[in-house]
Every structure is written in structure tokens, then in C-alpha cells.
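A short worksheet on the structure shown next.
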Amino acid sequence: PTIARALRRVGIRWRRAKRRVHSPDPLYVVKRQRIADLQHLALTGDLTSQAAAHPRSDEPPKPANLVFLDSTDLHLCPDVGPVYAPIGKQVKVDTPGLENPWYALFGSLLFPSGEGLYTIHHRKRTAELLEHLQLLIELDQNHYWFVVLDNASAHTTPAVASFAEQHRDRLELVYLPTYSPHLNLIERLWRLMRSQVTRNRFYNSLNDVAEAVVNWLNTLPFTQFC
């Protein structure tokens with residue numbers, strides 16, 4: 001009995017530890033609070049360029065948008081996951097075999113409306129990120145853009161820093177703490193997309209996968225998602 005109680009205590013501690021967030025970023029609390037402050041201003045409709053890290057004093061504040069940016073892969077090989085099935089009947093999912101071509105889906109989720117900008121590319125490099133950012137800030141040139149993104153290698157290159165500096169009057173990149181995908185709200189959209197579009201579903205071509213995702217994004221009720 002003593003051993004059993006000890007094992008149960010270890011199990012409880014292990015389950016609690018798995019629920020904790022472990023980020024080695026020494027500025028984790030500061031960065032998380034920064035994002036929370038921007039979310040609060042966006043929710044109340046008070047978000048302007050004045051909230052930028054280096055606001056300009058030579059011009060009046062601009063209204064601002066807050067978006068959460070990330071990219072995900074669209075593979076021809078379907079995602080495999082849990083699914084309801086009749087008892088005793090195994091669910092079988094076709095696959096393309098050894099070939100598994102893919103596209104990169106970039107998304108910027110506007111908070112709190114749930115709308116956004118989505119672009120599909122052949123790669124996930126800095127060049128594709130900058131192309132997406134350029135399209136984003138051109139959506140509304142009268143607004144300032146706060147873009148929350150992670151620390152992926154393609155997001156932290158000198159070219160990205162140069163782009164942000166070149167457009168500092170319209171754009172600020174707000175980097176998440178390291179190992180903190182739970183703070184990027186677009187991750188929830190990706191999970192929902194996979195559960196409804198790509199999980200356990202085989203499409204005849206990669207273009208069919210992309211078209212299915214585009215149609216899903218076009219018809220997703222954003223108010224329900226929010």
C-alpha cells in the first residue's frame with residue numbers, strides 16, 4: 001500500500017508538471033504581458049500606433065490592428081488522428097505512398113474579429129514571409145499593424161529586421177517567448193482546420209488539398225470560431 005500511494009503521488013506530480021509551461025526565455029513574463037496588453041487594447045477598441053514600442057511623436061496616432069501570424073504545412077499525405085467508427089470496423093485512410101509533396105500555408109489571424117489573410121506558397125522561407133507581410137500591411141494602409149509571431153529561423157533573419165525597420169511607421173513585429181505556441185491564437189485555427197479538412201482524408205492531388213483549405217477558410221463562420 002505504501003508503494004502504491006507513492007506511485008500515485010508521483011503520477012499526480014507528473015500530470016501537473018505536464019500542464020505547466022516551461023520556457024527558457026528570461027523575458028517570458030514581459031513578452032507574455034506585452035501580448036496581453038495589446039489584446040486588451042484591441043478588445044476595447046483602443047489599440048493605436050501609440051502602443052508601439054517606439055511610437056512616433058511627429059504624427060498623430062493611427063488606429064491599429066493586432067494579428068497572430070504563423071505558417072503550417074499542407075501535405076498530400078493525410079494527417080492521421082482519432083475518429084469515430086463503428087465497433088469492430090477499422091478506419092482505413094489512403095496515402096500517396098512514398099511521395100508526400102507539400103505547400104506552406106501562411107496565415108495572419110485578426111484579433112478579435114477572427115478574420116484574416118491567408119496565402120499559399122511552395123516554401124516556408126523568409127522570402128515567403130516577407131511576401132505575406134507586404135500583402136498584409138497593404139490591406140489597410142491607414143492602419144498600424146502589430147504582428148505577433150514566433151521565433152522560427154525564417155522569422156528572425158536580417159532581411160525580416162530590415163523589412164520591419166523600413167516599415168516601422170506601419171508595422172511592429174511582436175515576438176512570442178520561446179517555446180510558447182499556446183500564446184499564438186492562430187494555432188487554434190490550425191487545429192480546427194486539421195480536424196475538419198485534412199485529418200484522415202486523402203485528396204487526389206495537392207491542389208485539391210489547397211482548394212479544400214481555401215474553401216473552408218472562405219466559409220468558416222468566424223463568429224462561431226471566436
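The values are calculated or read from the model by the stated rules, or taken from the named source; none is laboratory data. What you see is a predicted model, and the numbers here were worked out from it, not measured in a lab. Neighbour counts run over all protein chains shown; Cβ positions are idealised from the backbone, glycine included. For accessibility, only protein heavy atoms count, side chains too; no ligands or nucleic acids. Shrake-Rupley method; radii C 1.70, N 1.55, O 1.52, S 1.80 Å.
What is the residue count in the range 92-116 for residues that are small (Gly, Ala, Ser) and not in a loop (DSSP other than H, G, I, E, B)? Write out each step before concluding.
First, the residues of the range 92-116 that are small (Gly, Ala, Ser): 97, 104, 107-108, 113-114, 116.
Subset that is not in a loop (DSSP other than H, G, I, E, B): 104, 107-108, 116.
The number of residues fulfilling the criteria is 4.
Out of the residues in the range 168-189 meeting the condition of being hydroxyl-bearing (Ser, Thr, Tyr) and open to solvent by 40 Å² or more (accessible area, probe 1.4 Å), tell me which one is farthest from residue 26 (Cα to Cα). Applying the filter and picking the extreme gives 175.
Mind counting the residues in the range 52-70 that are over 10 Å from residue 144 (Cα atoms), more than 21 Å from the chain's Cα centre (by Cα) and not polar (S, T, N, Q)? Counting residues in the range 52-70 that are over 10 Å from residue 144 (Cα atoms), more than 21 Å from the chain's Cα centre (by Cα) and not polar (S, T, N, Q) gives 7. Inspection of the range 182-196 finds a residue satisfying the criterion of being farther than 29 Å from residue 156 by Cβ and not charged (D, E, K, R).
So that you can scan it fast, the table gives a plain yes or no per residue for (1) open to solvent by less than 60 Å² (accessible area, probe 1.4 Å); (2) modelled with pLDDT of 60 or more; (3) not hydrophobic (A, V, I, L, M, F, W, C):
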| site | (1), (2), (3) |
| --- | --- |
| 1 | no, no, yes |
| 4 | yes, no, no |
| 16 | no, no, yes |
| 26 | no, yes, yes |
| 32 | no, yes, yes |
| 43 | no, yes, no |
| 49 | yes, yes, yes |
| 54 | no, yes, yes |
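Pick from 119, 72: which is free of Cβ contacts under 8 Å to residues at least 24 places away in the same chain and either open to solvent by less than 30 Å² (accessible area, probe 1.4 Å) or not in a loop (DSSP other than H, G, I, E, B) (or both)? Full working, then the answer.
Numbers: 72 fails: free of Cβ contacts under 8 Å to residues at least 24 places away in the same chain.
The conditions single out 119.
Determine which member of the set 189, 206, 185 is farther than 28 Å from residue 138 by Cα and aliphatic (A, V, I, L, M). Answer to the check: 206.
Can you tell me which of 38, 110, 66 is under 27 Å from residue 130 (Cβ atoms) and in contact with a Gly (Cβ under 9 Å, 6 or more places away or on another chain)?
110
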